[in-house]
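Written below as structure tokens is the structure these notes are about.
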Amino acid sequence: MAVSSEVLLCCFLWARDGEAVGLSDYEDRVLALVPRHGGQVLQRAVSDGADGGPHEVQLYRFPGTGALDAYLADPDRQALTGDRDRVVARTELFPVVLR
């Protein structure tokens, strides 16, 4: 059986106080860069962050770690670091397996 180098990730994002809309706006911009690196946003869900839950949950796929690294280092993404720091309080990113 062939081993896939595909990378599947889940991301939880918490907004800073009063920045839930700003977080979603920021994510609109950076996630638009994912296809540039062969990746795909599989699912994106938004919540109200009640009871400490994340404001946004995302699932995405990259063809390999090189593509993920290229996305993370994308100069257009890096240029938005200040925006990210302003609106994102916390991020949890972890690999998943889809069933």
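The values are calculated or read from the model by the stated rules, or taken from the named source; none is laboratory data. This structure is a prediction, so every number in the text was calculated from the model and none was measured. All Cβ positions, even for glycine, are placed from backbone atoms using ideal geometry, and neighbour counts span all protein chains on display. Quick note on the areas: whole protein, heavy atoms, side chains included, nothing else; ligands and nucleic acids left out. Shrake-Rupley method; radii C 1.70, N 1.55, O 1.52, S 1.80 Å.
Brief remarks follow.
- Inside segment 6-50, residues that are open to solvent by 60 Å² or more (accessible area, probe 1.4 Å), out of contact with any His (no Cβ under 9 Å at 6 or more places or on another chain) and acidic (Asp, Glu) make up a count of 4.
- Only one of Arg90, Arg84, Arg61 that is open to solvent by 60 Å² or more (accessible area, probe 1.4 Å), in a strand (DSSP E or B), at pLDDT 95 or above and under 21 Å from Arg16 (Cβ atoms): Arg90
- Applying a threshold of 8 Å to beta carbon distances and a minimum spacing of six or more residues, or different chains, the list of pairs starting in segment 38-50 at a residue that is farther than 13 Å from Pro63 by Cβ and assigned to a strand (DSSP E or B) and ending at one that is open to solvent by less than 50 Å² (accessible area, probe 1.4 Å) and among the polar types (S, T, N, Q) reads Val41/Gln58; Gln43/Gln58; Arg44/Gln58; Ala45/Gln58; Val46/Ser24.
- Meets criteria (at pLDDT 95 or above, among the β-branched types (Val, Ile, Thr) and either open to solvent by 30 Å² or more (accessible area, probe 1.4 Å) or not in a helix (DSSP H, G or I) (or both)) for Val3: no
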